[in-house]
Amino acid sequence: MPAHPDSNLHPEATGPAKALVEQHRADQQLKLYAGWFCPFVQRVWLALEEKQIPYQYIEVNPYNKPESLLSLNPRGLVPTLSCPTDPEPRPLYESTVILEYLEEAYPSHKPHFLPQDPYERARARIWIDYVTSRIIPSFHRFLQYQPAEGESAHSDAGLDKARREFLDHLKVWTREMHSKGPYFLGSEVSLPDLVLAPWAVRLWVFDEFKTGGLGVPAEGQGGLDEAVWNRWRKWVSALENRKSIQETTSEKEYYLPIYKRYADNTAQSELAKATRGGRGVP
């Protein structure tokens, strides 16, 4: 069979993320099967680092799926977790499921990512779901947008519509943040932060690849939404300065060819294909 078109990506993490991988090569009961480039993996990686849960990092290429991964996850997707359960380890996948598992299976490891109050926990899950069902799909519709057949390649109407949709979703989510923050639920990082953080620190892709860039108004130019965008910038800044974010992020140059394929709408990941098909996150 011909190689998957995305199978030749850079094989390992770089920069600070490579140093972190080296610290987690040794065998541990909890094993993270990961792809350094994957934002869904970064969600889980962030949680493990924030909670300081011992784990082994195992780099795999999900576009050239090794048997070790397929034996745990027949779909061959990352992240996949091998969990220390009796009588033998068992797998978990789907990043948001793994995040909740880590919260429940390691209660002594702080910070806690969900509030203790049942109502507040439920509310947090609403906005976690909003990230998955609204923000991430609109991120990729914007990034993968290409003019329709017969439409002028110089017409920006469709691109502008995709940009507005994405920014509108960011505003809805931001209005639900704790007023002071800096994080979504207040002074401590939580699951709503972790589920969106990997995309928030990749927003540079729009300035890199899309005419007109991301489109978040500059400070002082947000009009009626100035307070919303100020809160958004405060949140992004808090994330970008967080050690776990910095140490799980590779060097920009290695992300560029990956996101160029998304911007050209030629990427063949499950998410890229779902976006082309008008579907949500697979």
- Note on the structure: the chain, Gaussian network, Cα under 10 Å: of Phe113, Phe40, Phe206, the residue fluctuating most is Phe206
- Message: How far apart, in nanometres, would the label points at Lys180 and Phe209 be if each is projected 7 angstrom from Cα along the Cα-to-Cβ direction?
- Response: 4.0 nm
- Query: Can you list the HN-Hα couplings for the stretch 266-282, worked out from phi with the Karplus curve (6.51, -1.76, 1.60; θ = phi - 60°), rounded to whole Hz and with x for Gly and Pro?
  - Reply: 10, 4, 10, 5, 4, 5, 4, 5, 5, 4, 4, x, x, 9, x, 4, x
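Just subtract the alpha-carbon distance of Arg90 and Ala148 from 0.36 nm times their residue separation and send over the number in nm, one decimal. Show your work: numbers first, answer last.
On the way: separation 58, 0.36 × 58 = 20.88 nm, distance 4.52 nm.
Full-extension gain reported as 16.4 nm.
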- Query: Along the charge dipole of the stretch 128-282, Cβ charges K/R +1 and D/E -1, which of Leu224, Ala267, Gly280 sits furthest on the positive end?
  - Reply: Gly280
- Task: Have a look at Arg43, Arg233, Arg75 and tell me which one the Gaussian network model of the chain (Cα, springs below 10 Å) gives the largest fluctuation.
- Result: Arg75
- Message: How big is the stretch 118-277 along each principal axis, measuring the range of its Cα positions in Å and listing the largest first?
- Response: 50, 35, 29
- Query: What size of dipole, in debye to the nearest 20, comes out for the stretch 130-189 about its Cα centre when the only charges are +1 on Lys and Arg C-beta atoms and -1 on Asp and Glu C-beta atoms?
  - Reply: 260 debye
- Note on the structure: Taking Cα pairs closer than 8 Å and at least 6 residues apart, the relative contact order of the chain in percent is 22 percent
- Under 1.5 on a/c is rounded, so check that first for the stretch 15-106, then, if it is not, pick prolate when a/b is larger than b/c and oblate when it is not; a ≥ b ≥ c are the square roots of the alpha carbon gyration tensor eigenvalues. rounded
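State the extension gain, in nm to one decimal, for the chain segment bounded by Ser108 and Ile126, taking 0.36 nm per residue of separation less the distance between their alpha-carbons. Provide the component values of the computation, followed by the final result.
Values: separation 18, 0.36 × 18 = 6.48 nm, distance 2.52 nm.
Contour length minus Cα-Cα distance gives 4.0 nm.
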- Message: Can you compute the modelled spin-label distance between Gln246 and Asp168, with each label point 7 Å from Cα toward Cβ, in nm?
- Response: 3.8 nm
- Query: Per-residue HN-Hα couplings for the stretch 190-202, Karplus 6.51 cos²θ - 1.76 cosθ + 1.60 at θ = phi - 60°, whole Hz, x for Gly and Pro?
  - Reply: 9, 4, x, 5, 5, 6, 9, 3, x, 7, 4, 8, 10
- Item | Debye, to nearest 20: dipole size of the stretch 118-277, +1 on Lys, Arg Cβ, -1 on Asp, Glu Cβ | 400 debye
- Item | Helix-only [θ]222 nm of the chain, DSSP H runs n ≥ 4, -39500 (n - 2.57) each, per residue, nearest 500 | -14000 deg cm²/dmol
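In the chain, what percentage of the DSSP-assigned beta bridges are antiparallel, given to the nearest 5?
Details: 7 of 11 bridges.
About 65 percent, rounded to the nearest 5.
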- Note on the structure: Most fluctuating of Val236, Val97, Val205 in the GNM of the chain (C-alpha, under 10 Å) is Val97
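Laboratory data are not the source of any read-out in this text; all were calculated from the coordinates shown. The shown structure was predicted, so the numbers you read here are calculated from the model rather than taken from an experiment. All Cβ positions, even for glycine, are placed from backbone atoms using ideal geometry, and neighbour counts span all protein chains on display.
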